[in-house]
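To start, the structure itself, in structure tokens.
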Amino acid sequence: MDRNPQQTPSLETSFTPEGLKRAVRGGTLATLAGQVASQIVSLVQIAVLYRWLAPSDFGLLGMVLPLLLFLRLFTTLGLNVATVGHAEISSEQVSALFWLNVALGIVTTIAAAALAPALVWFYDVRGLLSAENARALLWITVVLGGTAVLSALAAQHQALMERRLQLARVNGLRLAGQIAGASAGIIAAVAGAGVWALVAAQYVELIVLAAIAWLAEPWRPHAPTTRAPVRELLHFGGHYTASSVLFFLGANVDKVLVGAVFGPVALGYYSQAFNLAMKPVLAVTTPVTGVMLPALGRAARDPQQYREIVLAFYRLVAILLLPTGLGLAIVGTEALVVLGGEEWLPAGEVLRVFALLIVVQGFVNIAGSVFASAGRADRLMMAAGVLLLVIVQGICAGWFFGSLFEVQFPAQAATWIAGGYFLAIAIALLPYLWFCFATVGVRLTDWFRVLRRPLMASISMALVVIALRRVVLSTFDLPTAVLLLLEIAVGVAVYALMARGEIVWLKSQLRRD
């Protein structure tokens with residue numbers, strides 16, 4: 001179906017070098033604000049659901065999600081990333097990618113239903129599932145498979161808005177979907193829906209997100225055609241998807257192991273500790289990558305500006321995540337008890353280990369945008385493959401040493417596995433970043449330079465909080481919530497003092513002028 005070109009919304013926005021800087025600053029600020037709001041909504045949702053649902057409910061969902069998220073990788077095929085980062089793209093190409101995403105979403109839905117019995121069999125080999133949980137696991141897998149189609153319907157619309165750096169709009173619609181999903185999940189949990197409250201939350205969020213994305217983005221797909229030139233985009237998407245699969249396996253093999261060996265309760269503790277630790281990582285790296293990829297794509301022809309943008313984003317991540325990770329490693333147990341109650345205390349040590357992962361995971365996450373902006377998804381795939389091998393070895397080492405010391409309690413065994421996971425990422429970080437930076441002409445020594453000040457300030461903060469904690473615990477009998485608030489307040493004050501130069505720089509980068 002032909003369209004009048006004058007009626008077709010433009011897919012491009014031109015930026016001068018100074019205009020690009022302003023757009024990056026404004027987009028980063030808008031996305032950070034959106035992520036702060038998103039994390040507040042998420043924490044409220046978790047605080048309510050932890051009190052109305054059992055750890056086994058989260059464990060059942062944790063058993064299903066690795067399969068569903070794995071299949072969903074083949075729904076997008078990295079084509080939304082290709083839309084954001086490709087130098088030039090036409091409406092016909094985006095239409096072809098949209099219809100391919102929808103078709104793959106339908107295939108993914110069918111595949112999830114077909115694989116549901118095998119998933120139940122896998123997790124019940126050791127007889128860890130009751131008959132009720134086995135039935136629930138089967139139907140949760142079948143029902144959640146349909147979310148792949150909903151995700152595909154909004155993928156290209158969001159990508160087009162990100163391409164134009166309309167990030168305030170993107171974050172607004174995502175936040176609206178999240179609020180709707182959280183509200184639906186809480187209502188269902190209070191009504192006694194159990195694990196199905198978690199399913200309802202996902203469906204409502206994706207339905208609202210898709211509807212608002214279509215209202216906010218004026219682009220509409222053309223009728224399906226095979227004439228659109230998308231081979232280059234598919235080539236990029238294929239490499240990007242392969243790397244995403246490898247990253248996904250690295251991020252989920254530990255959860256599959258815990259669920260298969262220790263059952264849904266242990267997996268509930270383990271997966272929720274991991275998810276809580278990753279919240280600050282996602283709160284920072286999601287806006288960074290959302291701005292970073294289109295910004296680097298626009299700066300690709302100016303090597304100096306390109307390097308400055310890369311280092312500025314790594315500096316931003318260091319300023320925000322280094323103190324967060326070290327701080328949560330100290331106060332993780334109190335934070336989990338305050339958030340979920342005494343029932344979640346066994347997950348406290350796991351959370352403290354995963355908190356250290358915050359310190360390094362953010363640097364790994366945003367490296368993907370560096371590879372993608374350079375059009376080197378093939379190198380990203382190679383790096384992801386090596387990282388996966390290191391992670392698997394770390395997880396196996398954690399499991400081995402946990403068994404060697406005859407750890408019986410599942411939460412303790414999970415702590416060893418979490419420790420192996422963290423050490424693997426920490427050991428692989430420098431070689432991974434060197435390979436990434438070498439791809440685009442950035443020196444690793446420049447990264448050390450931007451890392452030094454926030455790292456020293458974070459270590460100083462951690463030492464002060466540890467000393468305060470010991471004095472308070474040996475002298476006073478404070479409620480857990482009061483102790484947590486005191487630790488956070490002192491930690492923030494010390495870091496703000498020690499890293500005041502970095503904070504001034506960060507504020508200057510987020511100005512809208």
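The values are calculated or read from the model by the stated rules, or taken from the named source; none is laboratory data. Source: prediction; values computed, not measured. With ideal geometry, Cβ positions are generated from the backbone for all residues, glycine too; neighbour counts draw on all protein chains shown.
With the structure loaded, tell me whether Ala131 is closer than 23 Å to Ala193 by Cα, without any contact (Cβ under 8 Å) to a residue 12 or more places away in the chain and surrounded by fewer than 19 Cβ atoms within 10 Å (Cβ to Cβ) or whether it fails that test. Taking the combined requirement at face value, the residue satisfies it. From the residues in the range 317-336 that are in contact with a Gly (Cβ under 7 Å, 6 or more places away or on another chain) and among the aliphatic types (A, V, I, L, M), which one is farthest from Ile503 (Cα to Cα)? Among those residues, the one meeting the criterion is Leu336. None of Val392, Val370, Val386 is among the aliphatic types (A, V, I, L, M), touching a residue at least 24 places away in the same chain (Cβ under 8 Å) and either in contact with a Lys or Arg (Cβ under 8 Å, 6 or more places away or on another chain) or over 16 Å from Phe248 (Cα atoms) (or both) except Val370. Against the numbered list (1) under 26 Å from the mean Cα position of the chain (by Cα); (2) modelled with pLDDT under 85; (3) within 17 Å of Trp219 (Cα to Cα), Gln93 comes up short only at (1). Within the range 395-439, being at pLDDT below 85, aliphatic (A, V, I, L, M) and either over 20 Å from Leu249 (Cβ atoms) or part of a loop (DSSP other than H, G, I, E, B) (or both) holds for Leu404, Val407, Ala411, Ala413. Filtering the range 43-52 to residues that are within 25 Å of Arg169 (Cα to Cα) and at pLDDT 85 or above leaves Val44, Gln45. Scan the range 263-275 for residues that are within 20 Å of Gln35 (Cα to Cα) and touching a Leu at 6+ places or on another chain (Cβ under 6 Å) and the total you get is 1. Specify which of the listed residues (Tyr269, Tyr314) is among the hydroxyl-bearing types (Ser, Thr, Tyr) and farther than 30 Å from Arg500 by Cβ. None of the others qualify; the one that does is Tyr269.
Let's see how each residue does on (1) modelled with pLDDT under 80; (2) of a type in the set (Phe, Trp, Tyr); (3) over 25 Å from Ile46 (Cβ atoms):
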site: Ala242; (1), (2), (3): yes, no, yes
site: Leu249; (1), (2), (3): no, no, yes
site: Lys255; (1), (2), (3): no, no, no
site: Gln272; (1), (2), (3): no, no, no
site: Lys279; (1), (2), (3): no, no, no
site: Ala283; (1), (2), (3): yes, no, no
site: Thr286; (1), (2), (3): yes, no, no
site: Arg298; (1), (2), (3): yes, no, yes
site: Arg307; (1), (2), (3): no, no, yes
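Residue check: Glu92 meets all listed conditions (1) surrounded by fewer than 20 Cβ atoms within 10 Å (Cβ to Cβ); (2) within 23 Å of Val256 (Cβ to Cβ); (3) of a type outside the set (Val, Ile, Thr) but one, namely (2).
There is at least one residue in the range 337-344 that is over 17 Å from Ala426 (Cα atoms), in contact with a Ser or Thr (Cβ under 8 Å, 6 or more places away or on another chain) and either part of a loop (DSSP other than H, G, I, E, B) or not aromatic (Phe, Trp, Tyr) (or both).
Does the range 34-58 hold any residues that are closer than 15 Å to Pro264 by Cβ and out of contact with any Asp or Glu (no Cβ under 9 Å at 6 or more places or on another chain), and which are they? Passing the criteria: Leu53, Ser56, Asp57, Phe58. Taking the criterion of being in contact with a helix residue (DSSP H, G or I) (Cβ under 6 Å, 6 or more places away or on another chain) and assigned to a helix (DSSP H, G or I), the residues of the range 484-508 that qualify are Leu484, Glu487, Val490, Gly491, Val494, Tyr495, Met498, Glu502, Leu506. Does Arg452 satisfy the condition of being part of a helix (DSSP H, G or I), over 22 Å from the mean Cα position of the chain (by Cα) and not small (Gly, Ala, Ser)? Judged against the criteria, Arg452 is a match. Report every pair of residues separated by at least 6 positions or lying on different chains whose Cβ atoms are under 8 Å apart, first residue within the range 258-283 and closer than 18 Å to Ala413 by Cα, second of a type in the set (D, E, K, R) and part of a helix (DSSP H, G or I). Listed pairs, sorted by first residue: Leu267/Lys255; Gly268/Asp57; Tyr270/Asp254; Tyr270/Lys255; Ser271/Lys255; Phe274/Lys255. When the range 30-59 is filtered for residues that are among the hydrophobic types (A, V, I, L, M, F, W, C), buried (at least 17 other Cβ atoms within 10 Å of the Cβ) and in contact with a Gly (Cβ under 8 Å, 6 or more places away or on another chain), the ones remaining, listed by number, are Ile46, Leu49, Leu53, Phe58.
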